[in-house]
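As structure tokens, the structure follows; a few thoughts come after it.
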């Protein structure tokens, strides 16, 4: 083939790409926005409703608007998102770039900008999936009560394919919050959140979720005096799927901390690991769906902001009775699904609690289990929850700490210190003699169990 023929062929391909592909991308974008906003959130457990309000399709670019209502209080929070769609595809990189502008919407339909300026955009990737970036170069927000929040260079990215594992990462180099009335100031340094998740729709799916929160430091002051300091905080989360049930596992580590003023409690190398166990997937999805329905119905029955008080009052007792009946019906559904969750015998466990202090080390663990064996799904009623818990809940725990941690805790550095220490020695001897605490001369320890038969410490029943 001659060079001129190759050039013509390439020109035809490029012309076809430029002339035809953008229009096809626009058609596809309209179909996908309609599907995501009209159907995608209808099965979500979140109390959010959404609709595609408009779509103006062009050949090379289009404009769309989606509207959202978040029903979490007396009045729903309403948002309008305008999407500017650049349909010029870049081969092997993206099909389209979508820029988002988010506005608040009041009950009259009037749109106002967000209090924080966001730069938000999404790339529809060439080989499938989306990559969304949200950035806030400056955060400077203050309310009427005097809370003032300032931050810089927030950046959030999440990407992945619909129905598959999604990845997210948030970075925030600095954030401070100040209250005018109490003169409390909280400063965060180098916050990072990252992880993966999959939005599951069914209990038969394999659920996946993990995450990590990292923070270089947290400092809180009151009138300029520090009362809390944390350094190098890390929190890891992991969801472990076991078929019908799953566990949520959390692991926390803090390198250094100070609680109180300069003479407060100092603790280093803190570990706090805990787990939620045997959570039933089907019951949890039902609870989330019932909660969503509850919030949505409550939002429908709330009078609109600025509604005429006389008109509201004219609705009379009938309206109030209907609302109460509706709330009772929702609560009955929630209680039934809660019973299904209890039937899976869920539990909570502190796998590890440990820290180092200038006076020695502290370590402990704890677990509580709820026996759901043989429990009917509708067994939970509003008036029998506490009685059922008393019959079915049990657990155990242990605590070990250096002797000096107890004797020197909150010790005042003054002439009364020797007397205070002697008083604590006497108290400790009393607890040891009664069998509540074991003392080997260096460490204090105790073990506790509780259940339907009562509470025991170191084998001695106290209740």
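General remarks:
- Residue among 139, 48, 70 that alone is closer than 27 Å to residue 186 by Cβ, modelled with pLDDT under 85 and crowded, with 16+ Cβ neighbours inside 10 Å: 70
- Exclusive hit being at negative phi and in contact with a helix residue (DSSP H, G or I) (Cβ under 8 Å, 6 or more places away or on another chain), set 135, 96, 103, 80: 96
- Complete set of residues in region 388-417 that are modelled with pLDDT under 75 and in a helix (DSSP H, G or I): 417
- Odd one out for residue 383, checked against (1) crowded, with 16+ Cβ neighbours inside 10 Å; (2) over 27 Å from residue 353 (Cβ atoms): (1)
- Residue in region 80-88 that is at pLDDT below 85, in contact with a strand residue (DSSP E or B) (Cβ under 9 Å, 6 or more places away or on another chain) and within 25 Å of residue 111 (Cα to Cα) present: no
- Annotation note: of 193, 235, the sole residue that is more than 26 Å from residue 364 (Cα to Cα), touching a residue at least 12 places away in the same chain (Cβ under 8 Å) and in a strand (DSSP E or B) is 193.
- When the test is whether a residue is within 15 Å of residue 399 (Cα to Cα) and either more than 36 Å from the chain's Cα centre (by Cα) or not in a strand (DSSP E or B) (or both), residue 435 passes it.
- Which numbered condition residue 267 fails, given (1) outside any strand (DSSP E or B); (2) in contact (Cβ under 8 Å) with a residue 24 or more places away in the chain; (3) over 21 Å from the mean Cα position of the chain (by Cα): (1)
- The lone exception for residue 155 - which of (1) modelled with pLDDT of 95 or more; (2) closer than 29 Å to residue 206 by Cβ it fails: (2)
- Where residue 250 falls short, out of the listed (1) at pLDDT 90 or above; (2) touching a helix residue (DSSP H, G or I) at 6+ places or on another chain (Cβ under 8 Å); (3) outside any helix (DSSP H, G or I): (2)
- Exclusive hit being at pLDDT 75 or above, surrounded by fewer than 17 Cβ atoms within 10 Å (Cβ to Cβ) and farther than 17 Å from residue 87 by Cα, set 42, 54: 54
- Residue count, region 116-155 (criterion: within 22 Å of residue 84 (Cα to Cα) and either without any contact (Cβ under 8 Å) to a residue 24 or more places away in the chain or in a loop (DSSP other than H, G, I, E, B) (or both)): 14
- Any hit, region 353-360, residues being at negative phi, at pLDDT 85 or above, touching a helix residue (DSSP H, G or I) at 6+ places or on another chain (Cβ under 7 Å) and assigned to a strand (DSSP E or B): yes
- Residue within region 164-172 that is in a loop (DSSP other than H, G, I, E, B), in contact with a strand residue (DSSP E or B) (Cβ under 6 Å, 6 or more places away or on another chain) and closer than 30 Å to residue 285 by Cβ present: yes
- Residue selected from region 160-187 under the condition on the phi > 0 side of the Ramachandran plot and surrounded by fewer than 16 Cβ atoms within 10 Å (Cβ to Cβ), by the criterion modelled with the lowest pLDDT: 163
- Residue match in region 439-446 (condition: within 15 Å of residue 361 (Cβ to Cβ), at pLDDT 90 or above, out of contact with any strand residue (DSSP E or B) (no Cβ under 9 Å at 6 or more places or on another chain) and not in a strand (DSSP E or B)): yes
- Of all residues in region 188-206, those that are crowded, with 17+ Cβ neighbours inside 10 Å and touching a strand residue (DSSP E or B) at 6+ places or on another chain (Cβ under 7 Å) total 4.
The values are calculated or read from the model by the stated rules, or taken from the named source; none is laboratory data. Please read all numbers here as calculations on a predicted model, not as lab measurements. Here Cβ is always computed from backbone atoms with ideal geometry, including for glycine, and neighbour counts include all displayed protein chains.
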